[in-house]
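Notes to accompany the following structure.
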Protein chains: 2
Amino acid sequence: MKGNITGNNRFLKEFNQTVVLDMIRVHKAISKAELSKLTGLSPTAIGVIVAELLEMGYITESGIGESNGGRRPILIELKPQSLYTIGVDMDVKYISLVLMDTTSRIIGEKTLDMPQNMIFEKVMDVIQSEIGKIIKEYGISTEKLLGIGLSVPGMVDSRECKIVFAPNLGWENVDIKHQFPDLPGIKVYVENEAMASAISENWIGCCQGIKNFVCINIKSGIGSGIFIDGKPYRGASGITGEIGHMMVDSNGLKCNCGNYGCLETIASTTRIVEQAKRLVKEGVASKLNDIQDVEEISAQSIIDAARDGDAVSVNLLLESARFLGLAISSIVNILNPEKVILGKEFVTYADIVLDHLKEIVRCKALKQTAKDIEITGSSLGERASLLGSAIIPLKVFFGK
Amino acid sequence: MKGNITGNNRFLKEFNQTVVLDMIRVHKAISKAELSKLTGLSPTAIGVIVAELLEMGYITESGIGESNGGRRPILIELKPQSLYTIGVDMDVKYISLVLMDTTSRIIGEKTLDMPQNMIFEKVMDVIQSEIGKIIKEYGISTEKLLGIGLSVPGMVDSRECKIVFAPNLGWENVDIKHQFPDLPGIKVYVENEAMASAISENWIGCCQGIKNFVCINIKSGIGSGIFIDGKPYRGASGITGEIGHMMVDSNGLKCNCGNYGCLETIASTTRIVEQAKRLVKEGVASKLNDIQDVEEISAQSIIDAARDGDAVSVNLLLESARFLGLAISSIVNILNPEKVILGKEFVTYADIVLDHLKEIVRCKALKQTAKDIEITGSSLGERASLLGSAIIPLKVFFGK
């Protein structure tokens, strides 16, 4: 029994340390008196925990707070660059890496081209080598690295650290756990790109403290990360939020998934570009005809033309937003979230279409489910998933 | 401080009692030794709690279990008819009431016609009077009645005990809390009908122990109750699962909600009946023409004709199931639930359409989200919401 009690005490001690540490993170700067009030732990117990955390180098005394009559209290903050995390975001064209500390400050960042052919083992080798370079460059010891988080555009089983299916990368049922033999003892996590975005919105973006929200990423595909009750929602088998495959057009085109009329077949940027090319080829008058080679038309050229007042380009974007709005209306009716965040490429044309999209949701969703809904573009821009991938090991460290 | 400690102890004592009581409920019959093993509480502590629960009359010693070598243990069960709950299920045509005890056994049941005009205060008076009769008939004292649960076909705010909008009953923003002045001190709860069904599937039906599932009710309207992580999912404002207003036909009919192509406009039984009447009026040959007055055609007559091999009737049901399948495919892609349960009128024709519906989901949902999904008709039949309404006070009592 004694062994058990000691074990429980050790567990409780670590649990209390984690709770206090997370409270310091959330409040950014906080006094011992406030920590005692908020946790319900005695001032003596808080004194002991703070001393331990100072000793471990995780926190620092760094300022003088407002007085409540007596002596002005010393404020406690997380200590910058005490512990680190590395995030890796993968896409068809690039691999991005970021080095972050426990204060969520970005210490270093790098983007490189995705290796040709995107062979899984080759890509993992490149990532391992780049992480090695970062560790060396910033002189980070293994025990100061909390972990590595990977964000992948595809279905993942984050519990098993596996990629289930990433169609655009051509990867299916691959294990991430054992891919970094040169980085022994470093914990590796994997997450779907949209869920990684949702994690960063919840940690440092516009969904801090929000319990139920949906983060939709729009680019060549469309996916979403769903938070329920303050936590990533995983469902039965870990694959959730596949909004891109909601049927929104019962007479729609065939989708890669085998179904017809999926949101992705209408509102992805790939599809917007395909539509633009078709219109140009059909000789429809628009500013897009100024582009010499029709195959050069990109999402950016459509956005540029739309900003330049080109009606055809504006319509292409608005029509995609209309269908996005229809899908979001169904999501709002079913999940009644507090917020819907639209991210990735969408942020580059949100100013053109967001009002239209909101109006669709206002008209199409039930007024009782939609009355308080907030729909916005991501404030973290296209980097949300990269930042989110680095935040995954932080969440574990802070007991979240 | 002493006061505090006593307070905490009292709280802990009640908490431990509740945990033990719920464990007895879940296991139906269990020994003290097993309770000790499962709760981690010492045999002495369990002995004290069991004695207290026996003293309060909530449990009973009722059988002899299997021996593990020593003396055969006495098993403990919930005591039938020690405490009661009353459930009330409302619909356009009827009000049903059920009296249940903590063992979920039905002690009494009654159905009466919904008063004409369905004036809210009048209906509440009728319900109050009927509950009074039940209390008198079964000689139930107020302290033995855990509460009254109401199930309503419409949007409710269960936290505030309000009906937000029940279009078919014509009620909007009405408070339930103060409607039973003749039943003072009795706690009243209100729940959406589909959520009440989900609650009963989780408590006594086919979703016991299932964490993530969706219970869809199909009748004149279509709604759903969603369980996430073992609990009813409430969203931001308490109104969730409005699957009937998912858009499934982009060229569809106008719905009462103001939108077009909602699932309800295609797959509700009202709509199936409307379609059948239209076909008969248009002179389409079918067994439905045998019904003398076209206005007499009901869901049941279509189901009967379908069972009798009438192709027109079979097609009407299959087409509604196809759109249900499309909506469920989207739900599965987004929520990845373990189970989808189809209830209410659907159970009366499930045998005709369920295989077709499942095949639609198999073809339309992503194979990774749908691979383990189980789709079934409700085993509780059309009474699921009535039973669920009585279970709401039980959930509170058992700390669930």
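Quick notes on this one:
- Only a single criterion out of (1) surrounded by fewer than 24 Cβ atoms within 10 Å (Cβ to Cβ); (2) within 13 Å of chain A (Cβ to nearest Cβ) is not satisfied by residue B:311, namely (2).
Yes/no matrix, rows are residues, columns are (1) at pLDDT 95 or above; (2) more than 30 Å from residue B:328 (Cβ to Cβ):
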| residue | (1), (2) |
| --- | --- |
| A:341 | yes, no |
| A:348 | yes, yes |
| A:355 | yes, yes |
| A:360 | yes, no |
| A:367 | no, no |
| A:372 | no, no |
| A:375 | yes, no |
| A:390 | yes, yes |
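- Single residue of the stretch A:337-356 satisfying the filter (within 14 Å of chain B (Cβ to nearest Cβ) and not hydrophobic (A, V, I, L, M, F, W, C)) that is nearest to the chain's Cα centre (by Cα): A:339
- Residues that are in contact with a strand residue (DSSP E or B) (Cβ under 7 Å, 6 or more places away or on another chain), more than 13 Å from every other protein chain (Cβ to nearest Cβ), under 22 Å from residue B:263 (Cβ atoms) and surrounded by 20 or more Cβ atoms within 10 Å (Cβ to Cβ) are absent from the stretch B:289-303 altogether.
- Positions within the stretch B:365-400 being more than 14 Å from chain A (Cβ to nearest Cβ) and part of a loop (DSSP other than H, G, I, E, B), in sequence order: B:378, B:379, B:380, B:398, B:399, B:400
- Which listed residue, of A:150, A:53, is closer than 30 Å to residue B:333 by Cβ, in contact with a strand residue (DSSP E or B) (Cβ under 6 Å, 6 or more places away or on another chain) and either loosely packed, with under 14 Cβ neighbours inside 10 Å or not aromatic (Phe, Trp, Tyr) (or both): A:150
- Pairs with Cβ under 6 Å, 6+ apart, first in the stretch B:108-135 and of a type in the set (Ser, Thr, Tyr), second outside any helix (DSSP H, G or I) and surrounded by 15 or more Cβ atoms within 10 Å (Cβ to Cβ): B:111/B:96
- If the condition is being within 7 Å of another protein chain (Cβ to nearest Cβ) and either in contact with a strand residue (DSSP E or B) (Cβ under 9 Å, 6 or more places away or on another chain) or surrounded by 23 or more Cβ atoms within 10 Å (Cβ to Cβ) (or both), then the stretch B:252-265 contributes only B:259.
- Members of the stretch B:230-249 that are of a type in the set (Asp, Glu) and either under 17 Å from the mean Cα position of the chain (by Cα) or more than 8 Å from every other protein chain (Cβ to nearest Cβ) (or both): B:242
- Long-range neighbours under 8 Å by Cβ, at least six apart or interchain, first residue modelled with pLDDT of 95 or more within the stretch B:200-213, second acidic (Asp, Glu) and outside any helix (DSSP H, G or I): B:210/B:338; B:211/B:229; B:211/B:338; B:212/B:229; B:212/B:338; B:213/B:338
- Considering the conditions (1) crowded, with 19+ Cβ neighbours inside 10 Å; (2) in contact (Cβ under 8 Å) with a residue 24 or more places away in the chain; (3) out of contact with any strand residue (DSSP E or B) (no Cβ under 7 Å at 6 or more places or on another chain), residue A:268 is excluded by exactly one of them, (3).
- Residue within the stretch A:383-396 that is under 30 Å from residue B:243 (Cβ atoms) and of a type in the set (Lys, Arg) present: no
- Qualifying residue in the stretch A:325-335 (condition: in contact with a Pro (Cβ under 9 Å, 6 or more places away or on another chain), part of a helix (DSSP H, G or I) and in contact (Cβ under 8 Å) with a residue 40 or more places away in the chain): yes
- The one condition in (1) within 12 Å of chain B (Cβ to nearest Cβ); (2) under 24 Å from residue B:248 (Cβ atoms) that residue A:225 fails to fulfil: (2)
- Selection status of residue B:341, β-branched (Val, Ile, Thr) and more than 30 Å from residue B:147 (Cβ to Cβ): no
- Test for residue B:148: is it farther than 22 Å from residue B:170 by Cα and either touching an Asp or Glu at 6+ places or on another chain (Cβ under 9 Å) or part of a strand (DSSP E or B) (or both): yes
- So residue A:286, is it more than 14 Å from chain B (Cβ to nearest Cβ), under 20 Å from residue A:167 (Cα atoms) and surrounded by 17 or more Cβ atoms within 10 Å (Cβ to Cβ): no
- Residue within the stretch A:78-93 that is more than 22 Å from the chain's Cα centre (by Cα), surrounded by 13 or more Cβ atoms within 10 Å (Cβ to Cβ), within 19 Å of residue A:193 (Cβ to Cβ) and modelled with pLDDT of 95 or more present: no
- In the stretch A:297-324, the residues that are within 18 Å of residue A:342 (Cα to Cα) reach residues that are assigned to a helix (DSSP H, G or I) and basic (Lys, Arg) with C-beta atoms within less than 8 angstrom, at least six apart or across chains, in these pairs: A:320/A:271.
- Test: residue B:362 is surrounded by fewer than 16 Cβ atoms within 10 Å (Cβ to Cβ), within 14 Å of chain A (Cβ to nearest Cβ), on the phi < 0 side of the Ramachandran plot and part of a helix (DSSP H, G or I): yes
- Residue in the stretch B:266-274 that is within 12 Å of chain A (Cβ to nearest Cβ) and either hydrophobic (A, V, I, L, M, F, W, C) or closer than 27 Å to residue B:225 by Cα (or both) present: yes
- Any pair with Cβ under 6 angstrom, 6 or more apart, that starts in the stretch A:151-170 at a residue that is away from chain B (no Cβ under 12 Å) and ends at one that is of a type in the set (Asp, Glu) and in a strand (DSSP E or B): A:151/A:89; A:151/A:191; A:158/A:191
- Qualifying residue in the stretch B:179-189 (condition: within 14 Å of chain A (Cβ to nearest Cβ), within 28 Å of residue B:341 (Cβ to Cβ) and under 17 Å from the mean Cα position of the chain (by Cα)): no
- Just one of (1) more than 16 Å from the chain's Cα centre (by Cα); (2) modelled with pLDDT of 95 or more fails for residue A:197. It is (1).
- Index of the failed condition, residue B:219 passing every other in (1) more than 10 Å from chain A (Cβ to nearest Cβ); (2) surrounded by fewer than 24 Cβ atoms within 10 Å (Cβ to Cβ); (3) over 25 Å from residue B:300 (Cα atoms): (3)
The values are calculated or read from the model by the stated rules, or taken from the named source; none is laboratory data. These numbers come from a predicted model, not from an experiment. When we count neighbours, we look across all protein chains shown, and the Cβ atoms used for this are built from the backbone with ideal geometry, even at glycine.
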